[in-house]
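Enquirer: Quick one: the structure is below, and I'll ask about it shortly.
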Amino acid sequence: MRTLLEAEGLARTYAAAGGAFRRSGRPIHAVRNVSFGIARGETLALVGESGCGKSTTARLALGLEEPDRGTVRFGGRDISSLAGAERRAFRRRAQMVFQDPVGSLNPRLRVGDALREPLRVHGIVPREEEAGRVAELLRRVGLDPGDARRYPHEFSGGQRQRIGIARALSVEPDLLVADEPVSALDVSVQAQILNLLAALQRDLGLTYLFIAHDLAVVRHVADRVAVMYLGRIVETGPADELFERPLHPYTRALLGAVPRPRPGLGVRASVRGEASAAGAAAGCPFEPRCRHPERDAACRRDVPELEEKRPDGAARCIKTPAWEVELLDPGPGSPAGTRENSDPA
Amino acid sequence: MTAPLLEVEDLRTWFGGASGEGGGREARAVDGVSFRLGAGETLGLVGESGCGKSVTALSLLRLVPEPPGRILPGSSVRLRGEELLEAPPERLREVRGGEIAMVFQEPMTSLNPVLPVGRQVAEGIRRHRGLGAREAQRETVRLLDRVGITEPEERRRAYPHQLSGGMRQRVMIAMALACRPSILVADEPTTALDVTVQAQILELLADLQAELGMAILLITHDLGIVAQVADRVAVMYAGRIVEEAPVEALYSRPLHPYTEGLLAAVPDPDRPSERLAAIEGRVPDPAHWPEGCRFRPRCPHAWERCVSEPGLLAGEAGRRARCWLVEEPVRRERESET
């Protein structure tokens, strides 16, 4: 069984907050028809700007929230069908790492006790081995076994994230869902945590679902990437291909907007306006901001399907030619060099 | 020789201490910062959290709450030669939002939630430029349009919460520009924004600078933004500037080991690498800066000499770094060979 986690057609709608002075607004489609799979030992990054639905998708994948439609399969089993011991096993095998580990740590609990708790709940080791396991976990994440006696507030942001990771690891999971795990950290500490996550994946064979808005970080950690926009996946593919040859105009805009840490390139707005669910009533949700040269009335008619545009690369855009597929089978009069594939910068 | 536009010398802003909170040690948040800002130039003040960059910005206009903060005697902030730290309150009010304007990370905290945004922009125009109500309103619409707010005639009636984060930041910029400042201090102006909106705001700031010729002091933690926006960069660590250089020089050949470590830790979206170079350890606590060179406990190059802290030593071509390696560059080369 290669695929560990599989999502199919996930949808989640929230009732709009009416507010005291407003009539109830339109429902918010946080996640619309989202499908993806993650192979064992692999990292899939869900990227997108605020409100794109990436965090809701993570919560659905972990079963922390019920989807309105769609299924999540873990190890081939529909997680909504799990009960009793099987449900508990899923809860153990799929763990979450949060942006702000402080919020998930009890401030009055010593770190050692915080780590011991999940060991006990899931019966990971006999009581007499707990202390040894806690020490091992702390060492594993780069902390000192003596830190078990200290309280969360005594640690720096980076160390607290290490504790959050240790807690997730304590129950020997297969999958870590990490929601913006480094976005609150300074860059020098961020690098420490990213290196730690990479080492853990290598040593323990972990599978990661990595939620992030920072594309430079995503490039660094991801094997595969799914780009989300207003609740939908608009492009997906292997990280290298997606970054080097983005298919969807939004992916291009997103990549183009990242200020590179090399002087002389300048900053140019790669796209106008802001994502707004109110914008496009019909058609492609990105159309109002799209800069694709061939954008036309057809884009405003239907929501594009997520289509295979090259082997292992799909995009939700009717104007993006399936160019690599053509490359493999060059028909008459379709020279390979004329494709629209502008530089993201 | 004419005085530089802005000259900061030996600025020290400390917090708490014996008379303050907890009777503990004073937090020496800004501890001897000196730099100059020339007309029309962009200086990037960069560093990680707690390095003192934001307190430096606030100190320029004496916006640090006192107590618990205090700017120490001997500190100096001169605007065209005029000492601001000793200026009377009415003069300071004139300078704030007049010659020196500020834009912060979260516009929500600087905007009045119960007033339409247009009124807030107009108020500044009337106060600093002495225009009548009608003229101020016309100028407001022009400014809102200039900062990229569509339908400014309608939008000026909106309340802050009715606008997106990007739009609110545009309003803040309009307010800052209302008095045609010669210096814009921008403290993490895009940190709360999505990356595509951030690019729009940075582009707007660059356009406005070219048009109005103002100098920008850009405070940020983002080394990508600094690389694209700044002419010169000052890197802060533990309350001090540890390196200052023209932007290309800093990125191509950092002199201070902290700068070097910081640059190596930044992931580049175009160049994935197996492993990022992390700086080991953590940023020290402002109440207990390390003795000697403050970066010494984390520095891969540290040696005996670092027990005493160097000043900002002059390197080539207008560069300065607070590191003995400037005087003994051979040491670095020797280490990299082994």
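Enquirer: Can you name the number of the only condition in (1) free of Cβ contacts under 8 Å to residues at least 12 places away in the same chain; (2) of a type in the set (Lys, Arg); (3) more than 14 Å from chain A (Cβ to nearest Cβ) that B:ARG271 fails?
Expert: (3)
Enquirer: Can you name every residue in segment B:139-174 that is part of a helix (DSSP H, G or I), within 13 Å of chain A (Cβ to nearest Cβ) and aliphatic (A, V, I, L, M)?
Expert: Applying the first criterion (part of a helix (DSSP H, G or I)) to segment B:139-174 yields B:139-146, B:152-155, B:160-162, B:165-174.
Applying the additional criterion that residues be within 13 Å of chain A (Cβ to nearest Cβ) yields B:161-162, B:165-170.
Listed by number, the list holds a single entry, B:MET167.
Enquirer: Let me ask something else about it. Those residues that are surrounded by fewer than 18 Cβ atoms within 10 Å (Cβ to Cβ), of a type in the set (D, E, K, R) and not in a loop (DSSP other than H, G, I, E, B), I need them from segment A:58-90; list them, please.
Expert: Once the filter is applied, which keeps residues that are surrounded by fewer than 18 Cβ atoms within 10 Å (Cβ to Cβ), of a type in the set (D, E, K, R) and not in a loop (DSSP other than H, G, I, E, B), segment A:58-90 yields A:ARG69, A:ARG73, A:ARG77, A:ASP78, A:GLU86, A:ARG87, A:ARG88.
Enquirer: Counting only residues that are among the aliphatic types (A, V, I, L, M) and either within 17 Å of A:PHE36 (Cβ to Cβ) or assigned to a loop (DSSP other than H, G, I, E, B) (or both), how many does segment A:284-315 have? Lay out the reasoning, then the answer.
Expert: In the first step, residues of segment A:284-315 are kept if they are among the aliphatic types (A, V, I, L, M); the result is A:297-298, A:303, A:306, A:314-315.
Retained after the next criterion (residues that are either within 17 Å of A:PHE36 (Cβ to Cβ) or assigned to a loop (DSSP other than H, G, I, E, B) (or both)): A:303, A:306, A:314-315.
Adding up the residues that qualify gives 4.
Enquirer: Just need a number here: residues in segment B:246-256 that are over 22 Å from B:LEU205 (Cβ atoms) and either surrounded by 24 or more Cβ atoms within 10 Å (Cβ to Cβ) or aliphatic (A, V, I, L, M) (or both). Can you show your working first?
Expert: In the first step, residues of segment B:246-256 are kept if they are over 22 Å from B:LEU205 (Cβ atoms); the result is B:249, B:252-256.
Next cut, either surrounded by 24 or more Cβ atoms within 10 Å (Cβ to Cβ) or aliphatic (A, V, I, L, M) (or both) only: B:249, B:255-256.
Of the residues in that region, 3 qualify.
Enquirer: Any idea how many residues of segment B:175-201 are part of a helix (DSSP H, G or I), touching a Gly at 6+ places or on another chain (Cβ under 9 Å), among the hydrophobic types (A, V, I, L, M, F, W, C) and within 21 Å of B:VAL117 (Cα to Cα)?
Expert: So in segment B:175-201, the residues part of a helix (DSSP H, G or I) come out as B:175-177, B:195-201.
Subset that is touching a Gly at 6+ places or on another chain (Cβ under 9 Å): B:175-176, B:196-201.
This time we only want the ones that are among the hydrophobic types (A, V, I, L, M, F, W, C), so: B:175-176, B:197, B:199, B:201.
This time we only want the ones that are within 21 Å of B:VAL117 (Cα to Cα), so: B:175-176, B:197, B:201.
Total satisfying the criteria: 4.
Enquirer: Could you please let me know if B:MET214 is under 12 Å from the mean Cα position of the chain (by Cα), over 23 Å from B:THR109 (Cα atoms) and of a type outside the set (Lys, Arg)?
Expert: Working: under 12 Å from the mean Cα position of the chain (by Cα): no; over 23 Å from B:THR109 (Cα atoms): yes; of a type outside the set (Lys, Arg): yes.
It is false that B:MET214 is under 12 Å from the mean Cα position of the chain (by Cα), over 23 Å from B:THR109 (Cα atoms) and of a type outside the set (Lys, Arg).
Enquirer: For segment A:206-251, what are the residues that are hydrophobic (A, V, I, L, M, F, W, C), assigned to a loop (DSSP other than H, G, I, E, B) and more than 13 Å from every other protein chain (Cβ to nearest Cβ)?
Expert: Residues of segment A:206-251 hydrophobic (A, V, I, L, M, F, W, C): A:206, A:209-212, A:215-218, A:221-222, A:225-228, A:230, A:233-234, A:239, A:242-243, A:247.
Now restrict to residues that are assigned to a loop (DSSP other than H, G, I, E, B): A:206, A:222, A:230, A:247.
Correct list: A:LEU206, A:LEU247.
Enquirer: Sticking with this one: Within segment B:110-160, take every residue that is among the basic types (Lys, Arg) and within 27 Å of the chain's Cα centre (by Cα) and give me the one that is modelled with the highest pLDDT.
Expert: B:ARG146
Enquirer: Are any residues in segment A:101-122 in contact with a helix residue (DSSP H, G or I) (Cβ under 8 Å, 6 or more places away or on another chain), modelled with pLDDT of 90 or more and outside any helix (DSSP H, G or I), and if so, which ones?
Expert: Result: A:LEU109, A:ARG110, A:HIS122.
Enquirer: Hey, another quick one. Would you pick out the residues in segment A:179-205 that are buried (at least 18 other Cβ atoms within 10 Å of the Cβ), aliphatic (A, V, I, L, M) and away from chain B (no Cβ under 13 Å)?
Expert: A:LEU200
Enquirer: Which numbered condition in (1) within 8 Å of another protein chain (Cβ to nearest Cβ); (2) acidic (Asp, Glu); (3) more than 24 Å from the chain's Cα centre (by Cα) is the only one that A:ASP296 fails?
Expert: All conditions pass for A:ASP296, except number (1).
Enquirer: Can you tell which of A:PRO118, A:PRO67, A:PRO107 is more than 30 Å from A:PRO246 (Cβ to Cβ), assigned by TED's automatic domain parsing to the domain that holds A:GLN190 and in contact with a Lys or Arg (Cβ under 9 Å, 6 or more places away or on another chain)? Break it down into steps so the answer makes sense when it comes.
Expert: Values: A:PRO67 fails: more than 30 Å from A:PRO246 (Cβ to Cβ); A:PRO107 fails: in contact with a Lys or Arg (Cβ under 9 Å, 6 or more places away or on another chain).
Being more than 30 Å from A:PRO246 (Cβ to Cβ), assigned by TED's automatic domain parsing to the domain that holds A:GLN190 and in contact with a Lys or Arg (Cβ under 9 Å, 6 or more places away or on another chain) holds for just one of A:PRO118, A:PRO67, A:PRO107, which is A:PRO118.
Enquirer: Let me ask you something else. Given the residues A:GLY112, A:GLY103, which is the only one that is surrounded by fewer than 18 Cβ atoms within 10 Å (Cβ to Cβ) and not aliphatic (A, V, I, L, M)?
Expert: On the way: A:GLY112 fails: surrounded by fewer than 18 Cβ atoms within 10 Å (Cβ to Cβ).
The unique qualifying residue is A:GLY103.
Enquirer: Here's a follow-up. Suppose the filter is at pLDDT 95 or above, in contact with a strand residue (DSSP E or B) (Cβ under 8 Å, 6 or more places away or on another chain) and assigned by TED's automatic domain parsing to the domain that holds A:PHE286; does A:THR236 pass it? Quick ask: steps written out before the conclusion?
Expert: Values: at pLDDT 95 or above: yes; in contact with a strand residue (DSSP E or B) (Cβ under 8 Å, 6 or more places away or on another chain): yes; assigned by TED's automatic domain parsing to the domain that holds A:PHE286: yes.
Criteria met by A:THR236.
Enquirer: Taking segment A:252-283, which residues are surrounded by fewer than 19 Cβ atoms within 10 Å (Cβ to Cβ), within 7 Å of chain B (Cβ to nearest Cβ) and touching a strand residue (DSSP E or B) at 6+ places or on another chain (Cβ under 8 Å)?
Expert: A:ARG262 - this is the single residue of segment A:252-283 that is surrounded by fewer than 19 Cβ atoms within 10 Å (Cβ to Cβ), within 7 Å of chain B (Cβ to nearest Cβ) and touching a strand residue (DSSP E or B) at 6+ places or on another chain (Cβ under 8 Å).
Enquirer: If you don't mind, another one. List every residue pair whose Cβ atoms lie under 6 Å apart, where the two residues are 6 or more positions apart in sequence or sit on different chains, the first residue falls within segment A:114-142 and is under 20 Å from A:ASP203 (Cα atoms), and the second residue, located anywhere, is polar (S, T, N, Q).
Expert: A:LEU137/A:SER170
Enquirer: State all residues of segment A:144-172 that are away from every other protein chain (no Cβ under 12 Å), part of a loop (DSSP other than H, G, I, E, B) and buried (at least 20 other Cβ atoms within 10 Å of the Cβ); if no residue qualifies, say none.
Expert: Result: A:SER170, single match.
Enquirer: While we're looking at this one, here's another question. What residue, among those in segment B:281-299 that are of a type in the set (Lys, Arg) and not in a loop (DSSP other than H, G, I, E, B), is farthest from the other protein chains (Cβ to nearest Cβ)? Steps first, answer last, please.
Expert: Of the residues in segment B:281-299, the ones of a type in the set (Lys, Arg) are B:282, B:294, B:296, B:298.
Still in the running and not in a loop (DSSP other than H, G, I, E, B): B:296, B:298.
Details: B:ARG296: 16, B:ARG298: 9 Å.
Filtering segment B:281-299 for residues that are of a type in the set (Lys, Arg) and not in a loop (DSSP other than H, G, I, E, B), the one farthest from the other protein chains (Cβ to nearest Cβ) comes out as B:ARG296.
Enquirer: A follow-up question, please. Within the bounds of segment B:309-320, is there any residue that is at the interface with chain A (Cβ under 9 Å from one of its Cβ atoms) and at pLDDT 90 or above? Quick ask: steps written out before the conclusion?
Expert: Within segment B:309-320, the first condition is being at the interface with chain A (Cβ under 9 Å from one of its Cβ atoms), and the residues that meet it are none.
So far as segment B:309-320 goes, no, none of its residues is at the interface with chain A (Cβ under 9 Å from one of its Cβ atoms) and at pLDDT 90 or above.
Enquirer: Separate question: Does segment B:226-237 contain at least one residue that is β-branched (Val, Ile, Thr), facing chain A (nearest Cβ under 7 Å), crowded, with 23+ Cβ neighbours inside 10 Å and in contact (Cβ under 8 Å) with a residue 40 or more places away in the chain? Reasoning before the result, please.
Expert: Kept after step one, since they are β-branched (Val, Ile, Thr), are these residues of segment B:226-237: B:226, B:229, B:233, B:235.
With facing chain A (nearest Cβ under 7 Å) added as a condition, the list becomes B:229.
Applying the additional criterion that residues be crowded, with 23+ Cβ neighbours inside 10 Å yields B:229.
Right, trim to in contact (Cβ under 8 Å) with a residue 40 or more places away in the chain and you get B:229.
Yes, segment B:226-237 contains a residue that is β-branched (Val, Ile, Thr), facing chain A (nearest Cβ under 7 Å), crowded, with 23+ Cβ neighbours inside 10 Å and in contact (Cβ under 8 Å) with a residue 40 or more places away in the chain.
Enquirer: Still on this model: Can you pull out the residues in segment B:93-122 that are free of Cβ contacts under 8 Å to residues at least 60 places away in the same chain, crowded, with 17+ Cβ neighbours inside 10 Å and out of contact with any strand residue (DSSP E or B) (no Cβ under 9 Å at 6 or more places or on another chain)? Step through it out loud before you land on a result.
Expert: We begin by selecting, within segment B:93-122, every residue free of Cβ contacts under 8 Å to residues at least 60 places away in the same chain; these are B:93-96, B:109, B:112-122.
After this cut, where a residue has to be crowded, with 17+ Cβ neighbours inside 10 Å as well, the list is B:95-96, B:117-118, B:120-122.
Selection gives B:VAL117, B:GLY118, B:GLN120, B:VAL121, B:ALA122.
Enquirer: Being of a type outside the set (A, V, I, L, M, F, W, C), more than 21 Å from A:LEU255 (Cβ to Cβ) and touching a Ser or Thr at 6+ places or on another chain (Cβ under 7 Å) is the filter here, so list the residues in segment B:166-208 that pass it. Walk me through it before giving the result.
Expert: Keep residues of segment B:166-208 that are of a type outside the set (A, V, I, L, M, F, W, C), which gives B:166, B:168-170, B:180-182, B:187-191, B:194, B:196, B:198, B:200, B:203, B:207.
The next check asks that each one be more than 21 Å from A:LEU255 (Cβ to Cβ); those that pass are B:168-170, B:180-182, B:187-189, B:207.
Matches in segment B:166-208: B:ASP187, B:GLU188.
Enquirer: Among all residue pairs at least 6 apart or on different chains, which show Cβ distances below 9 Å where the first residue, located in segment A:228-243, is free of Cβ contacts under 8 Å to residues at least 60 places away in the same chain and the second is part of a strand (DSSP E or B)?
Expert: A:PHE243/A:VAL225
Enquirer: Based on what the data block shows, is A:VAL31 within 14 Å of chain B (Cβ to nearest Cβ), touching a helix residue (DSSP H, G or I) at 6+ places or on another chain (Cβ under 8 Å), surrounded by 22 or more Cβ atoms within 10 Å (Cβ to Cβ) and not small (Gly, Ala, Ser)?
Expert: Values: within 14 Å of chain B (Cβ to nearest Cβ): no; touching a helix residue (DSSP H, G or I) at 6+ places or on another chain (Cβ under 8 Å): yes; surrounded by 22 or more Cβ atoms within 10 Å (Cβ to Cβ): yes; not small (Gly, Ala, Ser): yes.
No, not satisfied.
The rows are residues; the columns are (1) hydroxyl-bearing (Ser, Thr, Tyr); (2) within 12 Å of another protein chain (Cβ to nearest Cβ); (3) not in a loop (DSSP other than H, G, I, E, B).
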| position | (1), (2), (3) |
| --- | --- |
| B:VAL242 | no, no, yes |
| B:TYR251 | yes, yes, yes |
| B:GLU260 | no, yes, yes |
| B:LEU263 | no, yes, yes |
| B:ILE279 | no, yes, no |
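The values are calculated or read from the model by the stated rules, or taken from the named source; none is laboratory data. Not measured: the values here are computed from a predicted model. So basically every Cβ, Gly included, is an ideal-geometry build from the backbone, and we count neighbours across all protein chains shown.
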